[in-house]
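Peer 1: I have a structure here, written as structure tokens, and I will follow up with some questions on it.
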Amino acid sequence: MNKPGASIVVFACNWDGLSCIEVAAQKGLSYPASVKIVRVSCLSRVHSGLILKAFELGANGVMLLGCSRSGCHFEIESGLIEQEYEKTRNILGLLGLREKKLALIRLPGGDGPGFVKQVNDFIAGIEQTEPAAAQ
């Protein structure tokens, strides 16, 4: 799991998503150093251009980490990020990239162990699907 190969960008909402990461750190839970966190005010602010730019800059995977479906602090309909997520998955497919390189994860605030499990599972899935020569 600590291979340097899988570079992951996590767009984390400022509320529940970021609190999961903070609790993981406070509890001493670890995840690979190749995971880079980008804090955003709300996942609804993330669009396909940002996600695709992360891939262009070398990310092996992108995770969107946000509030639970009913827990958005801005009361923005959760359908906005889901629409952008599906649109971006379709673009990745058209570009010949695996759609599994993009994940939308919704966790309740403070779920540090859940975040660490999700990010490690995501990395493991990417490493299984990528040929060794591509890494």
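The values are calculated or read from the model by the stated rules, or taken from the named source; none is laboratory data. Keep in mind that what you see is a predicted model, and the values were worked out from it rather than measured. Cβ coordinates were reconstructed from backbone atoms using ideal geometry, including for glycine residues, and neighbour counts include every protein chain displayed.
Peer 1: Has the range 97-108 got any residue that is assigned to a helix (DSSP H, G or I) and modelled with pLDDT of 90 or more?
Peer 2: yes
Peer 1: Moving to a separate point now. Restricting to the range 109-135, name every residue that is out of contact with any Ser or Thr (no Cβ under 7 Å at 6 or more places or on another chain), in a loop (DSSP other than H, G, I, E, B) and farther than 18 Å from Ala54 by Cα.
Peer 2: Asp111, Pro131
Peer 1: What are the pairs, 6+ residues apart or on separate chains, where a residue within the range 112-131 that is modelled with pLDDT of 95 or more and among the acidic types (Asp, Glu) has its Cβ under 9 Å from a residue that is in a helix (DSSP H, G or I) and crowded, with 16+ Cβ neighbours inside 10 Å?
Peer 2: If the second residue must be in a helix (DSSP H, G or I) and crowded, with 16+ Cβ neighbours inside 10 Å, no pairs are left.
One line per residue, one yes/no per condition, for (1) at pLDDT below 95; (2) closer than 17 Å to Pro108 by Cβ; (3) in contact with a Cys (Cβ under 7 Å, 6 or more places away or on another chain); (4) among the hydrophobic types (A, V, I, L, M, F, W, C):
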residue: Pro4; (1), (2), (3), (4): yes, no, no, no
residue: Gly61; (1), (2), (3), (4): no, no, no, no
residue: Gly71; (1), (2), (3), (4): yes, yes, no, no
residue: Phe74; (1), (2), (3), (4): yes, yes, yes, yes
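Peer 1: Looking at (1) surrounded by fewer than 21 Cβ atoms within 10 Å (Cβ to Cβ); (2) at pLDDT below 95; (3) in contact with an Asp or Glu (Cβ under 8 Å, 6 or more places away or on another chain), which is the only condition Arg45 fails?
Peer 2: (3)
Peer 1: Let me ask something else. So is Arg39 charged (D, E, K, R), in contact with a Lys or Arg (Cβ under 9 Å, 6 or more places away or on another chain) and at pLDDT 90 or above or not?
Peer 2: Criteria not met by Arg39.
Peer 1: While we're on this one: In the range 20-38, is there at least one residue being in a helix (DSSP H, G or I) and without any contact (Cβ under 8 Å) to a residue 60 or more places away in the chain?
Peer 2: no
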